[in-house]
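Student: Please find one structure pasted underneath; my questions will follow.
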Amino acid sequence: SMLHAMFSGRFDTKPDEDGTFFIDRDGTHFRYILNYLRTGELVVPDDKTVRHELLIEAKFYQVEGIIDALTPKPFQGTVILSSDQRQTLINWLKDVTEVMNAKGKLLYRASRDGWNASHFHSYCDNKGPTVTVIKSGNYIFGGYSEQNWDGSSGYKRSPNSFLFSLVNPSGLLPTKMSLRAGQEGYSIWCNSGFGPIFGGGNFHDILIQSVPNSNNCSIALNNAYQCPSGQNGNTFLTGNQQFCVNELEVFGFEN
């Protein structure tokens, strides 16, 4: 840190006559930095303004631990994803899009914000690129779309969209599933009476009903999105073609 450098002897830093050092900074939040340096534990109010101002001070003093703790991270606030799973999604997103310049803000969590399709659309429509993360039993999967969700009752073309499986019944490692050639026009389907729907053709690849924690949703991979080789497109994600949702989160990546 800058404070360590000041007192390390590497710089010709001299105290005032009374033995104090003067740093020309607003000292309002300096107590948080001092307490962190003393204890290694960051205790700071949940106030967004305070945290933002403290982050600025931490960057000035080069206190990496505080910088890391206060810098927003993609998928922050998730109750579904582990840190490794978050990093896997970040790596996949970097391959297809520039949205990782944005922060991956939690737009919607079904258990918190409501399970109806109207709740999903209220929080997620017209928010730019999004990642939808679904948990059904022990299995975790979802999809990325660069197109807005809305209530338009139609398909949208989103060539960089993909589906993913993070935990599946086959024990296959985390898998990204891209659109099949010529199926880009079926990337997502929007309808005010449903939750997020990916893919189409004969069937939707992932269809989330309104109130999906009690109504059966469905899977039919290989319509628009490519199921992994050797896997059954109807059962790969959850072990069954129909499933209910334990939790659903949507993250927005609009700059």
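The values are calculated or read from the model by the stated rules, or taken from the named source; none is laboratory data. As the structure is a computational prediction, the values presented were derived from the model and not from experiment. Here Cβ is always computed from backbone atoms with ideal geometry, including for glycine, and neighbour counts include all displayed protein chains.
Student: Any idea which of (1) crowded, with 16+ Cβ neighbours inside 10 Å; (2) part of a loop (DSSP other than H, G, I, E, B) is the one Pro159 doesn't satisfy?
Tutor: Failing condition for Pro159: (1).
Student: Next question. I need the full set of residues from the range 5-51 which are modelled with pLDDT under 85, among the basic types (Lys, Arg) and either within 19 Å of Val63 (Cβ to Cβ) or surrounded by 10 or more Cβ atoms within 10 Å (Cβ to Cβ) (or both), in order please.
Tutor: Arg10, Arg25
Student: While we're here: Among all residue pairs at least 6 apart or on different chains, which show Cβ distances below 7 Å where the first residue, located in the range 23-48, is assigned by the TED database to the domain that holds Gly65 and the second is surrounded by fewer than 14 Cβ atoms within 10 Å (Cβ to Cβ)?
Tutor: Sorted first by the residue in the range 23-48, then by its partner, the pairs are Arg25/Phe60; Asn35/Val43.
Student: Does the range 235-250 include one or more residues that are within 23 Å of Phe75 (Cα to Cα), in contact with a Leu (Cβ under 7 Å, 6 or more places away or on another chain), modelled with pLDDT of 95 or more and crowded, with 17+ Cβ neighbours inside 10 Å?
Tutor: Yes - at least one qualifying residue is present in the range 235-250.
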